[in-house]
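In what follows, a structure is listed as structure tokens, so that the remarks can point back to it.
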Amino acid sequence: MRVVDAFREAYGAEPAGVWHAPGRVNLIGEHTDYNDGFVLPFAVPWGVTAAVSPREDGVIRIRSLQAPGKDQVLDDLDRAEGWARYPVGVVWVLRERGLPVGGADIVMDGDVPAGAGLSSSAALEVSVALALNDLYDLGLERMELARIGQKAENDFVGMPCGIMDQAASALSEEGHALFLDCRSLGSRSIPFDLAAHGLQLLIINTRVHHELADGQYARRRRDCESAAKHLGLASLRDVTDLADALARLSGDERARTQHVVTENHRVEAVIGLLRAGAVQEIGALLNASHLSLRDQYEVSCDELDVAVESAIKGGARGARMTGGGFGGSAIALVADDRVDRVRATVAGAYEERGWAAPEFLPAVPAPGARRLV
Ligand code: GLA
């Protein structure tokens, strides 16, 4: 294994173990996690593999095969830079909680496609959380590890994300989507066998990330929190009468609320269809989700809209942006015999606009985080 060779080369010894955590795509339930709502992501076959050994002196030495020459040796965790802040943030959270976590030698190797918005950051966090849980015998459950990853990202990296990405990475099962109630943190694996229905879920990686958008995520969160406050509710999850709620709100708060409440309903509807074995029927809900994210939540962008529209034009049964938005990936539900046409239509639409070609990847539900060695 490449990461083991690199570990040996870096630290002159065998690693105590090797762990893997995947990235994710979200089938549906977007921008609902931090509103105590529902999400339905699944793990992808790409992620982060970490070779790790414990150290007695408390020092963290960390290297990534994707950042050659940027090794970091830290006795003060706060000095971690760039990509290393995600895994090192996990050490920080564990220690803040008073858990007996010493030092570690870490080498990481990732293969999440760049710019795809498939949560390589959650994979960085969860792989190291799982490794330290094993090496330091912390006895933490999977969901707890996910929450530690989220806290690292919130408080150490400074990105106010919800729990979806880390939970998907830590808890997904092969061949299944993960239904997660982000309030109770109860979860359930829902069989998601596209091949049995002659279908594929195609990831369309726009390869763009609009930097301008970086503050927008936090702004959406604030819109939702103030809308809930106006309604006298703990969160938008608690809206029971949408028409009444909308009548009492205006502007952005109204639009964000409409998205979150209807998106929660769409997650439940998709689960109903999956349980009934009617996978091919979820397309209309994917389309509705995209329109809501585009028009009410305002987190899409031209590249995502064109990917979705041209995928549908090419014969997809449904399509939507996936993840936080402003770039990253869209997903399209496509019958096997239409895949080539959908790809050609999307690629053609990009070419017509003079945009760099998008990347197409089949999304097959992969297993969640695990120890490999
Ligand atoms: C990002 C965040 C998640 C979630 C999605 C939107 O991926 O990390 O917590 O909020 O955006 O659904």
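The values are calculated or read from the model by the stated rules, or taken from the named source; none is laboratory data. Since the model is a prediction, treat every value here as computed from it, not as a measurement. Positions of Cβ are generated from backbone atoms using ideal geometry, with glycine treated the same way; all protein chains shown enter the neighbour counts.
Observations
- Those residues of segment 229-243 which are over 28 Å from the mean Cα position of the chain (by Cα) and either surrounded by 12 or more Cβ atoms within 10 Å (Cβ to Cβ) or outside any helix (DSSP H, G or I) (or both), in sequence order: H230, L231, G232, D241
- Every test in (1) over 26 Å from I163 (Cβ atoms); (2) within 16 Å of the ligand (Cβ to nearest atom) is passed by P41 save one, and that test is (1).
- Pairs, first surrounded by 11 or more Cβ atoms within 10 Å (Cβ to Cβ) and at pLDDT 95 or above in segment 1-13, second small (G, A, S) and not in a helix (DSSP H, G or I), C-beta under 7 Å, six or more apart: V3/A51; V4/A51; F7/A51
- Breaking point among (1) in contact with a helix residue (DSSP H, G or I) (Cβ under 8 Å, 6 or more places away or on another chain); (2) within 15 Å of the ligand (Cβ to nearest atom), for A67: (2)
- Each residue in segment 8-54 was checked for being of a type in the set (A, V, I, L, M, F, W, C) and out of contact with any Pro (no Cβ under 7 Å at 6 or more places or on another chain), and 11 pass.
- Residue that is in a strand (DSSP E or B) and either of a type in the set (V, I, T) or farther than 22 Å from A50 by Cα (or both), where the choices are L185, L178: L178
- Residue selected from segment 93-123 under the condition under 18 Å from A16 (Cα atoms) and under 20 Å from the mean Cα position of the chain (by Cα), by the criterion farthest from the ligand (Cβ to nearest atom): D109
- Residue check, P22 within 16 Å of the ligand (Cβ to nearest atom) and in a strand (DSSP E or B): yes
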